[in-house]
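Here the structure is laid out as structure tokens; the discussion comes afterwards.
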């Protein structure tokens, strides 16, 4: 069984760094352990880096550097071939573009209201919804 393909919105990655006990951290850890197949584009990675380095988050630079290194190492970088204008926030289109190009099963976000419920074959879910679905999948007998 192949791991589910996911794209993580920046708010999930930021929450994972700010709350080590939160569901978002669990989702990121599943992706880094390759229990989920994480996809990103150069635009998404640049946004992760820019937002995570903001002074207001006060994330230790050494820990952040290591985290970004792991994300780059474990994620599959792709370059979307289509440009979309679907989301209520134009900056969020890059996540749907990446999900479409990757054939992602899930786009995980804390701002579902910015996205449609479904984009092609990609379901837009919260961290909680993703965990509930994939944990059940991991527990199935092989």
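This table checks each residue for (1) touching a residue at least 24 places away in the same chain (Cβ under 8 Å); (2) out of contact with any strand residue (DSSP E or B) (no Cβ under 8 Å at 6 or more places or on another chain); (3) within 19 Å of residue 102 (Cα to Cα).
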| site | (1), (2), (3) |
| --- | --- |
| 10 | yes, yes, yes |
| 27 | yes, no, yes |
| 52 | yes, yes, no |
| 55 | no, yes, no |
| 77 | yes, no, yes |
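Name every residue in the stretch 111-134 that is in a helix (DSSP H, G or I), at pLDDT below 90 and either touching a helix residue (DSSP H, G or I) at 6+ places or on another chain (Cβ under 9 Å) or surrounded by 13 or more Cβ atoms within 10 Å (Cβ to Cβ) (or both), in order of residue number. Write out each step before concluding.
Restricting attention to the stretch 111-134, the residues satisfying the condition of being in a helix (DSSP H, G or I) are 112-114, 127-134.
Filter once more, keeping what is at pLDDT below 90: 112-114, 133-134.
Once the filter is applied, which keeps residues that are in a helix (DSSP H, G or I), at pLDDT below 90 and either touching a helix residue (DSSP H, G or I) at 6+ places or on another chain (Cβ under 9 Å) or surrounded by 13 or more Cβ atoms within 10 Å (Cβ to Cβ) (or both), the stretch 111-134 yields 112, 114, 133, 134.
For residues that are crowded, with 21+ Cβ neighbours inside 10 Å and assigned to a loop (DSSP other than H, G, I, E, B), scanning just the stretch 93-110, find the one that is modelled with the lowest pLDDT.
For the stretch 93-110, the residue satisfying everything is 109.
Residues of the stretch 9-32 being touching a helix residue (DSSP H, G or I) at 6+ places or on another chain (Cβ under 8 Å) and part of a loop (DSSP other than H, G, I, E, B), which ones?
Result: 9, 19, 22.
Quick one: residue 6 ticks every box in (1) at pLDDT 95 or above; (2) part of a loop (DSSP other than H, G, I, E, B) except a single one, so which number is it?
In the conditions (1) at pLDDT 95 or above; (2) part of a loop (DSSP other than H, G, I, E, B), residue 6 misses (2) alone.
How many residues, within the stretch 98-119, are closer than 9 Å to residue 9 by Cβ and in contact (Cβ under 8 Å) with a residue 60 or more places away in the chain? Quick ask: steps written out before the conclusion?
Quick first cut of the stretch 98-119, residues closer than 9 Å to residue 9 by Cβ only: 107-111, 114-115.
Still in the list and also in contact (Cβ under 8 Å) with a residue 60 or more places away in the chain: 107-111.
Adding up the residues that qualify gives 5.
Look at the stretch 66-92 and say how many of its residues are surrounded by 10 or more Cβ atoms within 10 Å (Cβ to Cβ) and at pLDDT 90 or above.
Qualifying residue count, the stretch 66-92: 13.
The values are calculated or read from the model by the stated rules, or taken from the named source; none is laboratory data. In this text, all values refer to a predicted model and were calculated from it rather than measured experimentally. Methodologically, a virtual Cβ is constructed for each residue, glycine included, from the backbone with ideal geometry; neighbour enumeration extends over all protein chains shown.
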